[in-house]
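A.B. asks: Let me give you the structure first, and then I'll get to my questions.
The values are calculated or read from the model by the stated rules, or taken from the named source; none is laboratory data. Since this is a predicted model, take the numbers as computed values, not measurements. Heads up: the accessible areas ignore ligands, DNA and RNA and are worked out on the full protein's heavy atoms, side chains in. Shrake-Rupley method; radii C 1.70, N 1.55, O 1.52, S 1.80 Å.
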Amino acid sequence: MRPPLCFIWLFFIAFFAYGQGQKAGDPKICYTRISFGPAIGFYGNNPFHTANTRAGIAIGAQALEEVRLPKNMFFVGGLEYMYSTFMFNSYYFPNNSQPMLYTDKFTYNYSLKVHELRLNLLLRYPFGNETRNSLTGYIEGGYVLRGLVLTHLNIISDLNSQPVFNGAVQPSYNGVMLGGRFSSGLKINIGLQHNFLRSHMAWFAQISYMQGLAKFLIQESFTPSALYISSGFLQFSVGYKF
């Protein structure tokens, strides 16, 4: 029975030592940050194949982990979901028969609904001591891995207002990362945080901008050959840290 008792005593000694180092009321090393809010999409299309691009509804939510680093820095990583819609005018070629020349004048209205999942890998720098000041600012920046989850396309003829296509499509990014299903982006957040000094929890509001580094391509049998679309998002979010 002596070896098991020794292990039990060692466990309690280690647990007690950790408790002495992490006193009640001390800030934790790791916090969870959840936030959500509306966004504005900025899109750039091939002007030879599209016209009249309009941004629609966009909204996103994030669940991130904040880990304390030396020198008053933090690593912030986790998942983000973005739902966005936008419209533009383009061509439509039925029955897999594209003409030699594009003679029509963008007489079909394309409407896209995009569900996107992102992995955020950011560094965070606070302006002020979050354990002593009730109000502090911060800036975050870093890398975003983007993945298209689901894209729904609706096409309506502007000539007679009749739908010609309504269904899911499989766009791909203009890149070689994991077969074109993933892409990269750069992101910056600027925020203001209200700190609860006793619990070290907080609520915050932030403005974010994410710029995609690769365009995505919609390529179906009825579409023009070069429907490349670039995207960036400006988002306002509110959230809670715990």
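A.B. asks: Through the Karplus equation 6.51 cos²θ - 1.76 cosθ + 1.60, θ set to phi - 60°, convert the phi angles of the range 228-239 into ³J(HN,Hα) values in whole Hz; use x for Gly and Pro.
C.D. replies: 8, 9, 9, 8, x, 9, 9, 10, 10, 10, 10, x
A.B. asks: Kindly report the accessible area of the range 170-239 per residue (heavy atoms of protein chains, probe 1.4 Å, no ligands, DNA or RNA), in Å².
C.D. replies: Each residue of the range 170-239 exposes 47 Å² on average to a 1.4 Å probe.
A.B. asks: Right, here's the next one. What are the residues whose amide H is under 5 Å from the amide H of Phe86, where those residues sit 5 or more places off or on another chain and H is modelled from the backbone?
C.D. replies: Amide H to amide H, under 5 Å and 5 or more residues apart or across chains, Phe86 pairs with Gly56, Leu112.
A.B. asks: Each residue of the range 110-124 in turn: what ³J(HN,Hα) in whole Hz from Karplus with 6.51, -1.76, 1.60 and θ = phi - 60°, glycine and Pro shown as x?
C.D. replies: 9, 10, 10, 10, 10, 10, 10, 10, 10, 9, 8, 10, 10, 10, 10
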